[in-house]
Amino acid sequence: MLIVLAELLTIGIAIAISPLAIVAVILMATAGKGRTNGTAFILGCYVFGVTFVGVLALIGRAAGADEVDSGPHVTVDIAEIVLGAGLLVLAFMQWRQRSHTGTPKWMASLDGLTVWKAFFIGILISGPLSPKDLPLLTAAGGRIAQAALPVEQVVAVVLIFGVIGVAAILVPWLFSVVSPSTVEARLTGPRTWLVANHAVITTVLFLILGFKLIGSGVADLAG
């Protein structure tokens, strides 16, 4: 199980480093809603991540992806290569948008969110509307499906991977819980920097993860 988690660590960290999601939690925290809407937002991200990865892992294992040299196993490796190539394309697209440093329009409405809307936005940002996270979650599901682990360990891997994926957005949330009186002073600077540099940060992550996924898929096929 630890070996599988080690293999997934890079992917989990890349998912965690999601500038716009971090900024969203910071905005909720500095608006005084970090402990309510921020909590709901993080839960939305976590629930989508573990559900998506868990379902993919379940489907893969049911198809026999955990059997070395099986057709489903090879299919997962090929899908990983394709996802890696897709991330390289997205890296190029993000780099071309690096001059766009404005705050996305949807962030302007975060102050008036209800708890359930914050939860729903967390779901959307963690996958359906994220060009970065969805392919990475797909790759993680494929990797877990290939692991020859008992069911209880697969469940544990999925749940732990979900925690890694929301680790970065937990930081501003913790500030809002532990020190709500100083949260704005501490987080305004990081928020401004992340908004201004999110395209460059995402480009670097796309490049690293794109080559990693391609390399992992090719290595598995060659082995």
Practice task
Scan Leu43, Leu2, Leu8, Leu27 and give me the residue that is under 18 Å from Leu207 (Cα atoms) and not small (Gly, Ala, Ser).
Solution key: Leu8
Practice task
Having 1 or more residues that are modelled with pLDDT under 80 and out of contact with any strand residue (DSSP E or B) (no Cβ under 9 Å at 6 or more places or on another chain) is the bar; report the helices (runs of 4 or more DSSP H) wholly within segment 129-223 that clear it.
Solution key: 167-178, 183-222
Fill in the blank from the handout: Considering segment 58-111, residues that are farther than 27 Å from Ile208 by Cβ and of a type in the set (Lys, Arg), and then whichever is modelled with the highest pLDDT, we arrive at Arg61
Exercise for the section: Evaluate the following for Trp173: is it crowded, with 18+ Cβ neighbours inside 10 Å and aromatic (Phe, Trp, Tyr)? Expected result: yes
Handout entry: Which numbered condition Phe41 misses (of (1) at pLDDT 85 or above; (2) more than 15 Å from the chain's Cα centre (by Cα); (3) surrounded by 22 or more Cβ atoms within 10 Å (Cβ to Cβ))
Key = (2)
Handout entry: Cβ pairs under 7 Å, 6+ apart, first in segment 137-151 and touching a residue at least 12 places away in the same chain (Cβ under 8 Å), second acidic (Asp, Glu)
Key = Ala139/Glu80; Gly142/Glu80; Arg143/Glu7; Ala145/Asp66; Gln146/Asp66; Ala147/Asp66; Ala148/Asp66
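The values are calculated or read from the model by the stated rules, or taken from the named source; none is laboratory data. If you're wondering where the values come from, they're calculated on a predicted model, not measured in any experiment. Cβ atoms come from the backbone with ideal geometry, glycine included; neighbour counts cover every protein chain shown.
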